[in-house]
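Sending over a structure as structure tokens; questions will come in a sec.
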Amino acid sequence: MKIKEYRTNFIQELSTIYDAGEAESFFYLILEEKKQLKRIDLALNPDLTFSDEEIQLWNSILEQLKKEIPVQYLLGKTSFYGLEFKVNENVLIPRPETEELVEWIIQSQKSEVRSQKLGDGSPKIKILDIGTGSGCIAISLAKNIPNSQVFAIDVSEKALATAKKNANSNEVGVTFIEKNILEVTTLSAVVGLEQQFDIIVSNPPYVRELEKLEIKKNVLDNEPHLALFVDDKDALIFYRKIAELAQKNLSPNGQLFFEINQYLGKEMMELLEKMNFKNVELRKDIYGNDRMIKGAI
């Protein structure tokens, strides 16, 4: 069968679940992964065909997409901040909004370097990522901030196993530590973290149970709830805890960055200001939602 003909059928089969643009994007993601062909290759060679074996494989993938299993899990990987990350059911699929948070941190660090005229012999910039998941934040920062020393914590042993593979494949050194952050009284008591940090960042669970109806089925049924949801009665539990730890373990002028629930921007501003963080700044994401915040010691 011609690939172009199969493409038409593929998109049509998914049309009741996904819009045409999304279904088409799935098709080309899979085409590049499974047959090393891009959209332009198909446009230039409209007579390219699938073998019977390839059609069986594609039909199997199609059935899984109909069950709303994320295409990133089917491919076992995704792109984030120009890097490739392995993903599976043990980690959240990195989002574009989180790339914005990473960009904010990198740009703020560049400003810091310019203002202080730091050279190659300056001390290591120590960064801690809390709730690292796939490692996307920690690894992207390690890759893009020269002279950085990056640490990452997660409660899930399986998530950390994935994060370690991602660090290796992206050729960066990150110290990974398995720990439930809610059980930590001070970061200095955690083996490997007996120090002060210049940057602490976290994208913790922040979706309230009451917001489950807003979550797409492919996310709700497949991505780890441990990394997604918090109790309605204490939606800021992770933020409060991490901010308390940051008060003790950020170096002078150190910065705390969070990705946040879009509905709780005001509450997050109040939380950090009440805890005496300076220069608190709330930012919107590409969709116009309150999505990230920072404060300084």
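Could you state the accessible area per residue of the chain in Å², with a 1.4 Å probe and every protein chain left in place?
Ligands and nucleic acids excluded, the figure is 50 Å² per residue.
Another one. Using the structure shown, list the pairs from K124/K294; K233/K284; K67/K179; K38/K294; K34/K67 with a Cα-Cα distance above 28 Å, or answer none.
K67/K179; K38/K294
Peptides 287-295, 125-133: what's the order by average Cβ count within 10 Å, highest mean first?
Top of the packing list down: 125-133, 287-295.
Can you give the charge dipole size of the stretch 190-297 about its Cα centre, rounded to the nearest 20 debye, using +1 on the beta carbon of Lys and Arg and -1 on the beta carbon of Asp and Glu?
For the stretch 190-297, the charge dipole is close to 180 debye.
Among S122, S51, Q12, which residue has its Cα furthest toward the positive end of the charge dipole of the stretch 1-149, with +1 on Lys/Arg Cβ and -1 on Asp/Glu Cβ?
Comparing the listed Cα positions along the dipole, S122 ranks first.
Taking K77 as the anchor, which aspartates and glutamates have their alpha carbon closer than 17 Å to its alpha carbon, excluding any fewer than eight residues away along the same chain?
Counting by Cα, and skipping residues close in sequence, K77 has these aspartates and glutamates nearby: E32, E33, E68, E89, E99, E171, E223.
Return the percentage of antiparallel bridges among DSSP beta bridges fully within the chain, rounded to the nearest 5 %.
Bridges in the chain that DSSP calls antiparallel: roughly 40 percent.
What's the angle, to the nearest 10 degrees (0 to 90), between helix 20-35's Cα axis and the longest principal axis of the chain?
Approximately 90 degrees, to the nearest 10.
Residues of the stretch 129-157 with the amide nitrogen closer than 15 Å to a label point 7 Å from the Cα of Q195, along Cα-to-Cβ, please.
129, 142, 146-153
Separate question: Counting each DSSP H run of 4 or more residues in the chain as -39500 (n - 2.57), what helix-only mean residue ellipticity at 222 nm follows after dividing by all residues, to the nearest 500 deg cm²/dmol?
Mean residue ellipticity, 222 nm, calculated: -12500 deg cm²/dmol.
What is the Cα centroid distance between the stretch 205-226 and the stretch 38-81, reported in whole angstrom?
26
How long is the gain from N253 to T8 if the chain were fully straight, where each residue apart is worth 0.36 nm and the alpha carbon distance is subtracted?
Working it through step by step, the gained length comes to 82.6 nm.
For the chain, give the percent of accessible area contributed by carbon and sulfur heavy atoms, probe 1.4 Å, rounded to a whole number.
Carbon and sulfur: 49 percent of the exposed surface of the chain.
OK, next. If I model a spin label at M275 and T16 as a point 7 Å from the Cα along the Cα→Cβ vector, what separation in nanometres do I get?
It works out to 4.8 nm between the two label points.
When DSSP beta bridges are limited to those with both residues in the stretch 190-294, what percentage is antiparallel, rounded to the nearest 5?
50
With +1 on each Lys and Arg Cβ and -1 on each Asp and Glu Cβ, how big is the dipole of the chain about its Cα centre, in debye rounded to the nearest 20?
Charge dipole of the chain: 800 debye, to the nearest 20.
Work the Kirkwood hydrodynamic radius out for the stretch 1-157: mean of 1/r over every pair of different alpha-carbon atoms, inverted, in Å.
18.4
Where a ≥ b ≥ c are the square roots of the eigenvalues of the C-alpha gyration tensor, would you call the stretch 69-194 rounded, which needs a/c under 1.5, or, failing that, prolate if a/b is larger than b/c, or oblate?
Oblate, since a/c reaches 1.5 and b/c is not below a/b.
How high is the relative contact order of the stretch 1-140, in percent, counting Cα pairs under 8 Å that sit 6 or more residues apart?
19
Test of understanding: what is the full-extension gain from L57 to N289, defined as 0.36 nm times their sequence separation minus their Cα-Cα distance?
Result for the pair: 79.6 nm of gain on full extension.
Right, something else. What ³J(HN,Hα) values, in whole Hz, does the Karplus curve 6.51 cos²θ - 1.76 cosθ + 1.60 give for the stretch 255-263 when θ = phi - 60°, with x put for Gly and Pro?
10, 10, 10, 10, 8, 10, 5, 4, 8
Volume per residue, Å³, of the convex hull around the alpha-carbon atoms of the chain?
148
Then there is this: For the stretch 130-212, what class follows from the C-alpha gyration tensor (a ≥ b ≥ c being the square roots of its eigenvalues): rounded when a/c is under 1.5, otherwise prolate if a/b is larger than b/c, else oblate?
It is oblate, given that a/c is not under 1.5 and a/b is not larger than b/c.
The values are calculated or read from the model by the stated rules, or taken from the named source; none is laboratory data. Because the structure is a prediction, the values reported are computed rather than measured. Virtual Cβ from ideal backbone geometry, glycine too; neighbours counted across all protein chains shown. Accessible surface areas use protein heavy atoms only, side chains included; no ligands, DNA or RNA. Shrake-Rupley method; radii C 1.70, N 1.55, O 1.52, S 1.80 Å.
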